[in-house]
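The values are calculated or read from the model by the stated rules, or taken from the named source; none is laboratory data. Here the structure is a predicted model, which is why all the values come from computation and not from measurement. FYI the Cβ positions are ideal-geometry reconstructions off the backbone, even for glycines, and counts take in every protein chain you see.
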Amino acid sequence: MMNKEEFELRVKTSKLTKSQSIVLSILRKQGKNGVTPKQLLGEVQFAPRTVRYALRKLLKKNLIRRIPCLQDMRQWIYIPA
């Protein structure tokens with residue numbers, strides 16, 4: 001896990017879209033608890049496809065991580081890297 005300064009630098013150097021930055025800010029607010037895509041959809045007014053796309057791009061840029069949800073193994077929980 002990277003420290004706060006490294007994370008901030010990586011966020012600034014990554015060219016994030018508006019939807020990616022909003023999803024990332026929600027994930028950072030939740031902290032280590034993490035958020036499922038369904039919970040994210042409840043907090044934003046984006047289409048489900050937009051949220052999935054933002055999560056996929058943030059994963060590719062190593063700004064977030066995903067772990068299996070232990071209550072429902074069909075879902076993933078997303079947390080900041």
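Residues that are among the small types (Gly, Ala, Ser) and touching a helix residue (DSSP H, G or I) at 6+ places or on another chain (Cβ under 9 Å) were ranked within the range 4-25; the one that is surrounded by the fewest Cβ atoms within 10 Å (Cβ to Cβ) is SER21.
Residue under question is ILE79, and the condition is that it be of a type outside the set (Lys, Arg), out of contact with any strand residue (DSSP E or B) (no Cβ under 9 Å at 6 or more places or on another chain) and surrounded by 14 or more Cβ atoms within 10 Å (Cβ to Cβ); does it hold? No. Condition test on PHE46, is it modelled with pLDDT under 90, surrounded by 15 or more Cβ atoms within 10 Å (Cβ to Cβ) and on the phi < 0 side of the Ramachandran plot? Spelling it out, it is not the case that PHE46 is modelled with pLDDT under 90, surrounded by 15 or more Cβ atoms within 10 Å (Cβ to Cβ) and on the phi < 0 side of the Ramachandran plot. For the range 26-35, a tally of residues being surrounded by 14 or more Cβ atoms within 10 Å (Cβ to Cβ) and within 12 Å of ARG65 (Cα to Cα) returns 4.
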